[in-house]
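Okay, so here's the structure we're looking at.
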Amino acid sequence: MANALQKYRVCVIEDDPDVALYMKTVLEKRADAVVLAITNPALALDGIADFEPDMVITDIEMPGISGLDLLKELRQSYPGMPVVVMTAHVSIEYAVSALRSQADEFLTKPIASADLVSIVTRLASKGRLTKAAQDPQVVLAVGAHPDDVEIGVGGILAAHRAAGNRVVILTLSRGARGGDADDRQHESLAAAELLGARLFMEDLEDTQISAADPTVSIIERVVAEVRPDIVYTHSAHERHQDHRAVHSATLVATRSVRTVCCYQSPSATIDFRPTRFVPIDGFTEAKLALIRCYQSQTEVRAYLDPDFVLATARYWSRFGGGTSCEPLEVIKDTADISVPASSISNAARLKGDRT
């Protein structure tokens, strides 16, 4: 099962509707995958382009285009995408042709469900890592004040960076009501440098941020410039008026973004209802290092005490697995936004103590 923010995406191309339905059902229930089943091979290439799967499973004998011909097309357009070729007719000729066409697996029907799940889990993970390396995703985290995004999704952002994704932070005010604006700006720059993120820092008035313009226009400008695949922002379930305003403005400004999620802040209300719990094992120290950059706040805010931060992440793990999680309310979820487990080994560079 995919231990990631997004389920694996698998495209099954099979002209027999019963077989296609069987494979879709098995993979969605036992591999926790999102499956696009295409029974008309003529629609396969367009369907794959729109669906953007982690891997493809195709039959060989189909009307209009054979699975081997389709495999050759995929190798040209998606060279790193894993492809499994299957057939009901055991044939050395078929097997040799599939291997020559660089199929990742050659299967004969009927396919045992356990074998199908095992192969898909292994190859979809491989395909996702390859895709991330070839086409790094852009992640935009939007916060009303300095330290908002580090508190809410610091672990997730560290995992994104370790996985090779580009991370952008947009902070809409300098937090003058909570401390010296210049100090908080310098702290924000230090945290962004430690994370390896690009920082946009605006100067809207703290406690007076609007849900309309100029907030919407600022976020739209940044979205147009960085073209994010994923956006993290405040929840609507907040006691702080700036957080609620930024939530509303972000939803308007990110209409074209495929995935938008809301993080928890210390001022979230009991109505905060997360639907995704992202394990950040291996990245909790990175999160604490980011928070330590905000020395003006760690000295006066009890909720920034390391034990409190770790206890909060530990609590949410009861819903998401691992030992530490960050919770998200998912607003839209159509991008491929995995945090590969292999990226944990790259987390060490983010564990430095910055003050």
- Using only Cα atoms, tell me the angle between helix 181-195 and the longest principal axis of the chain; keep it within 0 to 90° and round to the nearest 10. 30
- Query: In the stretch 245-314, which trypsin sites (Lys or Arg not before Pro) are in a loop and have at most 14 other Cβ atoms within 10 Å, using DSSP for the loop call?
  - Reply: R255
- Task: Give me the distance in nm between label points sitting 7 Å out from Cα along the Cα-to-Cβ direction at A176 and R75, one decimal.
- Result: 6.3
- Message: Given the whole protein assembly as supplied and a 1.4 Å probe, what does the accessible area of H247 come to in Å², nearest 10?
- Response: 20
- Considering the chain as a Gaussian network with a 10 Å cut-off on Cα pairs, which listed residue, H89, H234, H186, attains the greatest mean-square fluctuation? H89
- Task: Before anything else, pin down the relative contact order of the stretch 157-272: Cα pairs under 8 Å, at least 6 apart, normalised by residue count, whole percent.
- Result: 23
- Long-range amide H partners of T108, meaning residues 5 or more apart or on another chain whose placed amide H is closer than 5 Å, are T87
- Shape call for the stretch 1-67 from the C-alpha gyration tensor, a ≥ b ≥ c root eigenvalues: rounded (a/c under 1.5), prolate (a/b greater than b/c) or oblate? oblate
- What FRET efficiency would be calculated for the residue pair R318, L43, taking the C-beta separation as r and a Förster radius of 35 Å, to the nearest 0.05? 0.20
- Query: What spacing in nm lies between the two simple spin-label points modelled at L189 and D32, each 7 Å away from Cα in the Cβ direction?
  - Reply: 4.2
- Message: Below 8 Å between Cα atoms, with a sequence gap of 6+, how large is the relative contact order for the stretch 145-212 in percent?
- Response: 40
- Mind jotting down the distance between the C-alpha centroids of the stretch 170-184 and the stretch 11-25, whole Å? 55
- Under 5 Å, built H, 5+ apart or other chain: amide partners of I280: S324, C325, E326
- F308, F272, ranked by accessible area, largest first (probe 1.4 Å): F308, F272
- Task: Please work out the C-alpha center-to-center distance from the stretch 36-70 to the stretch 245-281 and express it in whole Å.
- Result: 35
- Message: Under a crude label model (7 Å from the Cα following the beta-carbon direction), how far is S217 from A302 in nanometres?
- Response: 4.2
- Starting at the first residue of the stretch 292-307, write each ³J(HN,Hα) from the Karplus equation 6.51 cos²θ - 1.76 cosθ + 1.60 with θ = phi - 60°, in whole Hz, x for Gly and Pro. 4, 4, 8, 4, 4, 9, 5, 6, 10, 10, 4, 6, 9, 4, x, 5
- Note on the structure: Expected field for V226, accessible surface area in Å² at 1.4 Å probe radius, rounded to 10, holds 10
- Query: Can you flag which of K131/K287; K7/K72; K7/K126; K72/K131 are past 20 Å Cα-Cα?
  - Reply: K131/K287; K7/K72
- Query: In sequence order, what are the phi-derived ³J(HN,Hα) couplings for the stretch 104-117 according to the Karplus relation 6.51 cos²θ - 1.76 cosθ + 1.60 with θ = phi - 60°, rounded to whole Hz, with x for glycine and proline?
  - Reply: 7, 8, 10, 10, 10, 7, x, 9, 5, 4, 5, 5, 4, 5
- What ranking of R166, R177 comes out by heavy-atom accessible area, probe 1.4 Å, highest first? R177, R166
- For F200, residues with placed amide H under 5 Å, excluding near neighbours: I169, L170, T171
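The values are calculated or read from the model by the stated rules, or taken from the named source; none is laboratory data. Quick caveat, the model's predicted, so the values are computed rather than measured. Note that each Cβ is placed from the backbone with ideal geometry, even for glycine, and that neighbours are counted across all protein chains shown. Keep in mind that these areas ignore ligands, DNA and RNA; they rest on the heavy atoms of the full protein, side chains included. Shrake-Rupley method; radii C 1.70, N 1.55, O 1.52, S 1.80 Å.
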